[in-house]
Protein chains: 4
Amino acid sequence: MNKARLEAFSDGVIAVIITIMVLDLKVPHDADPHALVPLIPVFLSYVLSFIYVGIYWNNHHHMFHAVHRVNGAIPWANLHLLFWLSLVPFVTGWMDETHFAPFQVAAYGVVLIAAACAYTILTKVLVAEHGKDSLIARALGRDFKGNISLAIYVVAIAVAFWERWIACALYALVAAIWLVPDRRFERLLDEKRKVES
Amino acid sequence: MNKARLEAFSDGVIAVIITIMVLDLKVPHDADPHALVPLIPVFLSYVLSFIYVGIYWNNHHHMFHAVHRVNGAIPWANLHLLFWLSLVPFVTGWMDETHFAPFQVAAYGVVLIAAACAYTILTKVLVAEHGKDSLIARALGRDFKGNISLAIYVVAIAVAFWERWIACALYALVAAIWLVPDRRFERLLDEKRKVES
Amino acid sequence: MNKARLEAFSDGVIAVIITIMVLDLKVPHDADPHALVPLIPVFLSYVLSFIYVGIYWNNHHHMFHAVHRVNGAIPWANLHLLFWLSLVPFVTGWMDETHFAPFQVAAYGVVLIAAACAYTILTKVLVAEHGKDSLIARALGRDFKGNISLAIYVVAIAVAFWERWIACALYALVAAIWLVPDRRFERLLDEKRKVES
Amino acid sequence: MNKARLEAFSDGVIAVIITIMVLDLKVPHDADPHALVPLIPVFLSYVLSFIYVGIYWNNHHHMFHAVHRVNGAIPWANLHLLFWLSLVPFVTGWMDETHFAPFQVAAYGVVLIAAACAYTILTKVLVAEHGKDSLIARALGRDFKGNISLAIYVVAIAVAFWERWIACALYALVAAIWLVPDRRFERLLDEKRKVES
């Protein structure tokens, strides 16, 4: 099996997901600039979801640099991740449509948790194939950011029923944590290059 | 002709198919969590269709590893498969919209049979090009899973008019059969590698 | 410049065009199987448009095998072709929505003519870059099929205002002419291989 | 990191953006040819947006020929550009829906400015990685076209509130400036080849 087509397919699916979200930005029929005001939270949720999907693409891209072999389980672990990402436009639209009602804000967090778990499963499947001493296993390490993110998501979901804007702020906080690029793979690949030369 | 672009185009079409299905998950306008209840069967049908399209991508991906030459008929056999897959979002949405009415549940099965036949035609065209002793011919073998699937689809379509949920369960059963990865290609490629080394 | 990315982008755009057409197949809300009857012409127009876009992808794919250099004009000639192809879902939907009214059936033909002209322009630009003795120039030859198609389109557009189903039959006839694979490129590439070996 | 996947993902997103705009061309329900008249400005705005997205793809494609290394910041600068491009279908649809109201025509210009700035940021990030003497830095040079475009956009936005069609004409003017292919990269790559041979 080759990883090139797995990457190409993932790129295609993520590219479609990230762009169909813009279809949820319903065009206001009113020419009045004030018609834009209710669109502001909708726009911000679009920005947040765009960033989240972008983060997943970016991390996926980084991680697959260290992938050398693809077994039968990896495509399914990957599709599982894509499944949860494909629900991001749905939960974003649902939040928008219900004016950020508590249940829907919590549902957004549930999809984010599910995507994070799917990503973790994918990393486990990749590490199982490559071995505990492989570059990929060492690069992933203890996954501090991943664990922190899960904790914040859980808090955000609980908080959503009490004060939904705090939940949204917490989702934005997780995105901010991940926007800082993940240098683990770069650092190890650099080390490897130095050792080889 | 080269197979790279055939794979890239197929990946693109399948990526779009698998993600536009999420547009059928119409966002409920009601903030009430109970508005989610009628969405449950819709969601399950989305999951099932996602898995089906994922299975086709996965098998397509595996099979094309053993493809060495592309003749004039192969792109058309491939487009024929993509055509039936492109109807999966339509029949999924139609089942959802009619609350899983018998005729629509049967129609879902008809599209699945058509896609399965299109896949079989594609394999025949590939084997015709590569010869009966080729890796691809031997890997495909007697296609036990394919025949079983067709039989279950036929039963499911008949049963749909009598007890539609059994039909849905049978569709899920076929998906489960295929989720177990198809190791025929891997096994033969491994053998080939051993022989060569 | 490299042709790989031009091919990848074209594949992406054509993949999206060919699959968004299925969104025009509006799901009937009625569970009654008879609700399917008005869908039959809509379905047939979807099949025809799918085949047309498939033919363009296939010919594009074949022609680019013989492309060796990409100059500044080629991406624009290519985008021009993609522009007219992107209107195929629109005119297909418009025909469907107006129950194949004469003007809309003619409009479908106009977009087909425009796409055919755009394809011809692309071939001219490619031949201009590669020279009159290049493989691509010789493979394209006198373009008999292209000229016949243009003539049939013109007749079909005129006939649409008098008997629209004949126009539709003529569109299907052109598709049938092209479904027969274009062996010009294969033949010349084979000859070239023989000469080289 | 490799630039291939960055290019593939960008191609995917831009391919989806350029084709979902056609979904904004709402099919008129009326069979009367006159129903096409109000579609004319909508169609022209589609053409303009198609050209703009095509220009960005084309320039992106050219610029990445000179990219040799991808650091952690480049994917984000690239996603930032894709974000603003993804809003082009939205502002196009909004202009159409409000019959080119002044505020919406200005909003179109704001998205164009934002995309232009995002492109400039991407070039700065690429130059920072490759160095001031790199091929890419020299090819981009003083970016005369970019600065002129920004100036015209600002004028167009101001003019939109006074005479909106002049604003639209100015947007078309900028597109025309860029349609002339940017030969800076080709020229330098040619020089480089000559020096090397």
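Quick look at the values:
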quantity: Selected residue (criterion: nearest to residue D:49 (Cα to Cα)) from residues of the stretch C:117-140 that are touching a Phe, Trp or Tyr at 6+ places or on another chain (Cβ under 9 Å) and open to solvent by less than 10 Å² (accessible area, probe 1.4 Å); calculated: C:118
quantity: For residue C:72: the one exception among (1) closer than 30 Å to residue D:48 by Cβ; (2) among the small types (Gly, Ala, Ser); (3) modelled with pLDDT of 90 or more; calculated: (3)
quantity: Leading residue by the ranking (nearest to residue D:53 (Cα to Cα)) among those in the stretch A:2-23 that are more than 7 Å from every other protein chain (Cβ to nearest Cβ) and open to solvent by 50 Å² or more (accessible area, probe 1.4 Å); calculated: A:4
quantity: Those residues of the stretch A:44-63 which are among the small types (Gly, Ala, Ser) and within 14 Å of chain B (Cβ to nearest Cβ), in sequence order; calculated: A:45, A:49
quantity: Residue in the stretch D:18-32 that is over 18 Å from the mean Cα position of the chain (by Cα) and within 24 Å of residue A:45 (Cβ to Cβ) present; calculated: yes
quantity: Conditions (1) under 14 Å from the mean Cα position of the chain (by Cα); (2) within 29 Å of residue A:93 (Cα to Cα): number failed by residue B:60; calculated: (2)
quantity: Residue within the stretch A:24-38 that is within 12 Å of chain B (Cβ to nearest Cβ), of a type outside the set (A, V, I, L, M) and part of a helix (DSSP H, G or I) present; calculated: yes
quantity: Residues being out of contact with any Leu (no Cβ under 9 Å at 6 or more places or on another chain) and farther than 25 Å from residue C:81 by Cα - total across the stretch C:10-29; calculated: 2
quantity: Which numbered condition residue B:41 fails, given (1) within 13 Å of chain A (Cβ to nearest Cβ); (2) farther than 21 Å from residue A:12 by Cβ; calculated: (1)
quantity: The stretch B:76-116: number of residues that are farther than 13 Å from residue C:31 by Cα, at the interface with chain C (Cβ under 8 Å from one of its Cβ atoms) and buried (at least 21 other Cβ atoms within 10 Å of the Cβ); calculated: 6
quantity: Elements of type helices (runs of 4 or more DSSP H) contained in the stretch A:65-141, each with 3 or more residues being under 14 Å from the mean Cα position of the chain (by Cα); calculated: A:74-86, A:88-97, A:102-130
quantity: Condition met for residue A:148 (open to solvent by 40 Å² or more (accessible area, probe 1.4 Å) and at pLDDT 80 or above); calculated: yes
quantity: Tally, over the stretch A:52-62, of residues that are out of contact with any Phe, Trp or Tyr (no Cβ under 7 Å at 6 or more places or on another chain) and aliphatic (A, V, I, L, M); calculated: 1
quantity: Residue identified as crowded, with 20+ Cβ neighbours inside 10 Å and among the β-branched types (Val, Ile, Thr) among C:67, C:37, C:53; calculated: C:53
quantity: Which numbered condition residue C:91 fails, given (1) among the aliphatic types (A, V, I, L, M); (2) at pLDDT below 90; (3) within 19 Å of residue C:46 (Cα to Cα); calculated: (2)
quantity: Output for the stretch B:156-179, where each listed residue is under 19 Å from residue B:101 (Cβ atoms) and surrounded by fewer than 17 Cβ atoms within 10 Å (Cβ to Cβ); calculated: B:158, B:161, B:162, B:163, B:165, B:166, B:169, B:172
quantity: Qualifying positions in the stretch D:24-34 - open to solvent by 40 Å² or more (accessible area, probe 1.4 Å) and in contact with an Asp or Glu (Cβ under 6 Å, 6 or more places away or on another chain); calculated: D:29
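Residues checked against (1) among the small types (Gly, Ala, Ser); (2) in contact (Cβ under 8 Å) with a residue 40 or more places away in the chain:
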site: A:75; (1), (2): no, yes
site: A:86; (1), (2): yes, yes
site: A:93; (1), (2): yes, yes
site: A:143; (1), (2): no, no
site: A:146; (1), (2): yes, no
site: A:163; (1), (2): no, no
site: A:174; (1), (2): no, yes
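The values are calculated or read from the model by the stated rules, or taken from the named source; none is laboratory data. Everything numeric here is computed off the predicted structure, so don't read it as measured data. Cβ atoms come from the backbone with ideal geometry, glycine included; neighbour counts cover every protein chain shown. Keep in mind that these areas ignore ligands, DNA and RNA; they rest on the heavy atoms of the full protein, side chains included. Shrake-Rupley method; radii C 1.70, N 1.55, O 1.52, S 1.80 Å.
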